[in-house]
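Colleague: I have a structure here, written as structure tokens, and I will follow up with some questions on it.
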Amino acid sequence: NDLLEIILLLAEMIELKADYQKTAEGVVIESFLDKRRGPTATLLIRDGVLRKGDIIATPSAYAKVRILENFQRKIIQEAFPSMPAVVLGFNEVPRVGESFKAFPDLESAEAYVEKKEKKRKEILTEILDSDKKILNVILKADAVGTLEALEDVIKRLPQELVLVRLLKAEVGDINESDAKLASSGKAVIIGFRVGIDALARKLIEREKLRVFKFNIIYDLIQKVRELMNELLEPQIIKRLLGKMEVLVVFRKIDKGQIIGCRVVEGVVKKGAKVDIYREEKIIDSGIVLNLQKNKIDVEEAKE
């Protein structure tokens with residue numbers, strides 16, 4: 001009761017108001033795929049009144065409100081500002097955090113979704129046209145909230161050199177469709193707290209697809225980092241140990257030459273790689289297979 005009183009007091013002080021005359025709009029606070037009832041979303045109304053039969057859309061999905069329920073899952077005919085309302089009738093599961101608004105007809109709602117999707121693809125194409133390496137990923141999770149949390153964390157990974165492209169991000173077990181897309185799109189499949197159905201398992205084994213399953217978000221993100229690093233070319237860093245001057249060539253052997261040298265700078269070590277210069281140009285390269293000083297084997301020779 002104390003908490004409610006404080007909330008109401010603060011709301012009055014900052015003059016929180018809603019416009020009942022506006023077309024309905026608000027935000028998606030929860031969404032999931034109900035196997036029995038289809039795509040389901042809980043919406044929080046900010047302005048206007050949402051009624052059964054209204055046409056609404058988010059950037060990723062549209063709906064004709066087929067069923068409208070209150071937070072107790074009781075059927076209602078309209079939802080007012082500040083009310084959470086469960087809506088059935090979406091063509092796809094909308095993303096949590098997306099804003100929604102009402103449209104006069106279904107065609108307008110579809111056009112809105114298409115426009116947003118086109119813009120998203122244009123941005124993606126612009127990124128793909130760069131010289132970055134690309135890691136294609138199919139992401140499956142047990143719940144929409146978890147899926148979107150994973151997407152958010154993956155997007156925050158440093159992607160200056162390797163771009164993570166989510167070919168698909170859905171709720172549910174890994175299925176045959178996922179396996180086919182992974183095969184055609186050269187993608188890895190990453191699952192979080194999900195299973196693999198029988199048809200998908202057969203295809204995965206036949207095509208030798210890479211599938212990784214996790215129960216801990218940290219482990220999943222670490223694997224994504226590893227997969228990104230696999231795409232990078234190895235960086236070869238040459239560290240100068242020392243220099244030596246050839247004084248005499250004793251004889252040639254199967255694996256090279258036996259030479260007499262003087263270390264003129266730094267140190268020479270057994271196993272080190274060697275570049276041979278003549279007139280400041282590299283004429284050959286090799287490895288120090290053995291090193292002797294006064295006919296005694298040593299690990300290194302200093303200046």
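The values are calculated or read from the model by the stated rules, or taken from the named source; none is laboratory data. Model, not experiment: these values are computed from the prediction. Virtual Cβ from ideal backbone geometry, glycine too; neighbours counted across all protein chains shown. Protein only, heavy atoms only, side chains kept; ligands, DNA and RNA dropped before computing areas. Shrake-Rupley method; radii C 1.70, N 1.55, O 1.52, S 1.80 Å.
Colleague: Please work out which one of (1) open to solvent by 80 Å² or more (accessible area, probe 1.4 Å); (2) part of a strand (DSSP E or B) is the condition Leu289 fails and give its number.
Modeller: Here Leu289 clears every test but (2).
Colleague: Can you name every residue in region 90-108 that is in a helix (DSSP H, G or I) and either β-branched (Val, Ile, Thr) or over 20 Å from Val49 (Cα atoms) (or both)?
Modeller: Glu107, the sole residue that qualifies.
Colleague: Please go through region 262-286 and pick out each residue that is open to solvent by less than 100 Å² (accessible area, probe 1.4 Å) and either touching a residue at least 60 places away in the same chain (Cβ under 8 Å) or of a type in the set (Lys, Arg) (or both).
Modeller: Lys269, Lys270
Colleague: Also: Please state which of the following conditions Arg225 fails to meet, knowing it meets all the rest: (1) surrounded by 11 or more Cβ atoms within 10 Å (Cβ to Cβ); (2) in a loop (DSSP other than H, G, I, E, B).
Modeller: Going through (1) surrounded by 11 or more Cβ atoms within 10 Å (Cβ to Cβ); (2) in a loop (DSSP other than H, G, I, E, B) one by one, Arg225 breaks only (2).
Colleague: Further question on the same structure: Scan Lys64, Lys118, Lys133 and give me the residue that is at pLDDT 95 or above, within 32 Å of the chain's Cα centre (by Cα) and open to solvent by 70 Å² or more (accessible area, probe 1.4 Å).
Modeller: Lys64
Colleague: Scan region 51-61 and tell me whether some residue there is over 23 Å from Asp142 (Cα atoms), polar (S, T, N, Q) and either modelled with pLDDT under 95 or part of a loop (DSSP other than H, G, I, E, B) (or both).
Modeller: No, region 51-61 contains no residue that is over 23 Å from Asp142 (Cα atoms), polar (S, T, N, Q) and either modelled with pLDDT under 95 or part of a loop (DSSP other than H, G, I, E, B) (or both).
Colleague: If you go through region 268-289, how many residues are among the β-branched types (Val, Ile, Thr) and over 22 Å from Lys302 (Cα atoms)?
Modeller: 2
Colleague: Sticking with this structure for a sec: Do the conditions hold for Ile236, that is, is it surrounded by 10 or more Cβ atoms within 10 Å (Cβ to Cβ) and either assigned to a loop (DSSP other than H, G, I, E, B) or on the phi < 0 side of the Ramachandran plot (or both)?
Modeller: no
Let's see how each residue does on (1) buried (at least 18 other Cβ atoms within 10 Å of the Cβ); (2) in contact (Cβ under 8 Å) with a residue 40 or more places away in the chain:
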| site | (1), (2) |
| --- | --- |
| Phe80 | no, yes |
| Pro94 | yes, yes |
| Asp152 | no, no |
| Val162 | yes, yes |
| Glu176 | no, no |
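Colleague: Further question on the same structure: Could you tell me how many of the residues in region 76-85 are outside any loop (DSSP other than H, G, I, E, B) and either more than 18 Å from Thr23 (Cα to Cα) or among the small types (Gly, Ala, Ser) (or both)?
Modeller: Number of matching residues: 2.
Colleague: Then there's this: Can you pull out the residues in region 266-303 that are more than 16 Å from Leu240 (Cα to Cα) and among the aliphatic types (A, V, I, L, M)?
Modeller: Hits for region 266-303 are Ile283, Leu289, Leu291, Ile296, Val298.
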